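Inspection log for the structure reproduced underneath, given as structure tokens.
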């Protein structure tokens, strides 16, 4: 702590004296306060480390789930493509049978219903694939 002092003294040649001081504090006994604060900080650091590990595992789980959902939706699209072909062939056969008098209109309606279900499944799988792709981008931080 620098300072400038003025002394009214006849013995000294100069009345103004510059001074510098250093102060420090040394506790001989702090009644365990420092140990308690150290323990509390260590406990908080351990809790933060556990929370970080938990968050990392949550991110890993989110990424893996998004990858699995994407792969599952892509597989559903491949499977549904075959069922659409079968449903359209079923409609064609039902209409031919109805035209020739060997089938009923209920068979044609059932075949159309199955075709609509197959198309709806394809659309749902396509939507799920798109949604899974966006969720994967969000999970890895690209979106």
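Derivation of every value follows stated rules applied to the coordinates shown; laboratory data play no part. Because the structure is a prediction, the values reported are computed rather than measured. In this analysis, Cβ positions are derived from the backbone assuming ideal geometry, glycine residues included, and neighbour counts consider all displayed protein chains.
Report, by residue number, each residue of the stretch 12-57 that is in contact (Cβ under 8 Å) with a residue 12 or more places away in the chain and surrounded by 10 or more Cβ atoms within 10 Å (Cβ to Cβ).
Of everything in the stretch 12-57, just one residue is in contact (Cβ under 8 Å) with a residue 12 or more places away in the chain and surrounded by 10 or more Cβ atoms within 10 Å (Cβ to Cβ), namely 17.
Sort out which residues of the stretch 58-112 are in a loop (DSSP other than H, G, I, E, B) and either surrounded by fewer than 15 Cβ atoms within 10 Å (Cβ to Cβ) or touching a residue at least 12 places away in the same chain (Cβ under 8 Å) (or both), and write them in order of number. Spell out the reasoning first.
Within the stretch 58-112, the subset in a loop (DSSP other than H, G, I, E, B) is 100-104.
Within the stretch 58-112, 100, 101, 102, 104 meet the criteria.
Quick one: residue 143 ticks every box in (1) under 30 Å from residue 57 (Cα atoms); (2) without any contact (Cβ under 8 Å) to a residue 60 or more places away in the chain; (3) in a helix (DSSP H, G or I) except a single one, so which number is it?
So residue 143 meets the others, but not (3).
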